[in-house]
Amino acid sequence: MPEQSSLDNVSIVLVNTKAPANIGSVARCMMNTGLSRLILVRPPEDRQDDAMKLAAGAGKVLLEAKKFETLRDAVADHQLVIGTSRHLSRHRRNIHSPRDAAGWIIPLLGRNRIALVFGREVNGLEKEDLSLCHELIAIPSSEAFPSLNLSHAVMVIAYELFLAAHAGLPADERALARSDEIERFFGHLQTALRHITFLDDANAKHMMFSLRQLFGRARLEPRDVKILRGILSAVSGTPERKDG
Ligand code: SAH
């Protein structure tokens, strides 16, 4: 049975947040629900007092937050990257409610590090950020006004994780491939598919987006990635580069 401390393997990733006060509120929500790993991608540099004030007793989470320039680097050592968005795109089939997602996230935490990614206040996550996400969570909300405040969105999801962590769910023993490994596979896949002229300039973006979702659903393990890259090398003669 996963321990509550398995929540240490959850990272809350905030991309390009504008208001420091929101970052402080997120830190507070995290500490209320037993989360501690906060990652900030291109955070604001000013008004740190606002952040500290809203964090109240959770300043520790803020002070220990890690900072990155890109989302890709921020999630490189995570096995599962889950985006959050209110938009229910018809192109995405892997959209979950917070409750449903918590039910399969918690069992995986024994052997995997999971990133929950939140977008900026005004326009949310960009397409490029979303393409790095293997799954999506949408919080059900009123159609008349569906967009939650950033820290409220974090709280709803963190609360469901907190409850699920105490529900005695059986562990999921799979150890998944890391995001950086998966990204190298996608790079290889794109090169190979261009080589065999399956991809061209007109369809590459759209097709790669669909393929990313397809493989995202598959929960690839390191051995699976190795087999797939071996196949790519064999069909197209594109070598399996160690670095990319
Ligand atoms: N106007 C923006 C909303 C940004 S709110 C938009 O249309 O996308 C800031 C962040 O809070 C979002 O990027 C997302 O991470 C989270 N969020 C807000 N409402 C949400 C909802 N209903 N479901 C899931 N995430 C949500």
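The values are calculated or read from the model by the stated rules, or taken from the named source; none is laboratory data. The structure presented is a predicted model; accordingly, all values stated were derived computationally and were not measured. Positions of Cβ are generated from backbone atoms using ideal geometry, with glycine treated the same way; all protein chains shown enter the neighbour counts.
At a glance:
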read-out: Residue within the stretch 190-198 that is within 22 Å of Val117 (Cα to Cα) and either hydrophobic (A, V, I, L, M, F, W, C) or surrounded by 15 or more Cβ atoms within 10 Å (Cβ to Cβ) (or both) present; value: no
read-out: Long-range neighbours under 7 Å by Cβ, at least six apart or interchain, first residue exposed (fewer than 15 other Cβ atoms within 10 Å of the Cβ) within the stretch 216-237, second modelled with pLDDT of 95 or more and in a helix (DSSP H, G or I); value: Pro222/Glu181
read-out: Matching residues in the stretch 121-136 - criterion: being under 13 Å from the mean Cα position of the chain (by Cα) and within 6 Å of the ligand (Cβ to nearest atom); value: Leu125
read-out: Enumerated strands (runs of 3 or more DSSP E) restricted to the stretch 1-94, each holding at least 3 residues that are over 20 Å from the mean Cα position of the chain (by Cα), on the phi < 0 side of the Ramachandran plot and modelled with pLDDT of 95 or more; value: none
read-out: Any chance Pro170 is out of contact with any His (no Cβ under 7 Å at 6 or more places or on another chain), assigned to a loop (DSSP other than H, G, I, E, B) and more than 8 Å from the ligand (Cβ to nearest atom); value: yes
read-out: Residue under evaluation Leu161, criteria (1) part of a helix (DSSP H, G or I); (2) within 26 Å of Ser233 (Cα to Cα), criterion not met; value: (2)
read-out: Some residue of the stretch 101-118 being in a loop (DSSP other than H, G, I, E, B), of a type outside the set (A, V, I, L, M, F, W, C) and within 16 Å of the ligand (Cβ to nearest atom); value: no
read-out: All positions within the stretch 120-146 that are surrounded by fewer than 16 Cβ atoms within 10 Å (Cβ to Cβ) and either acidic (Asp, Glu) or outside any helix (DSSP H, G or I) (or both); value: Glu121, Val122, Asn123, Glu126, Glu128, Pro140, Ser141, Ser142, Glu143, Ala144, Phe145, Pro146
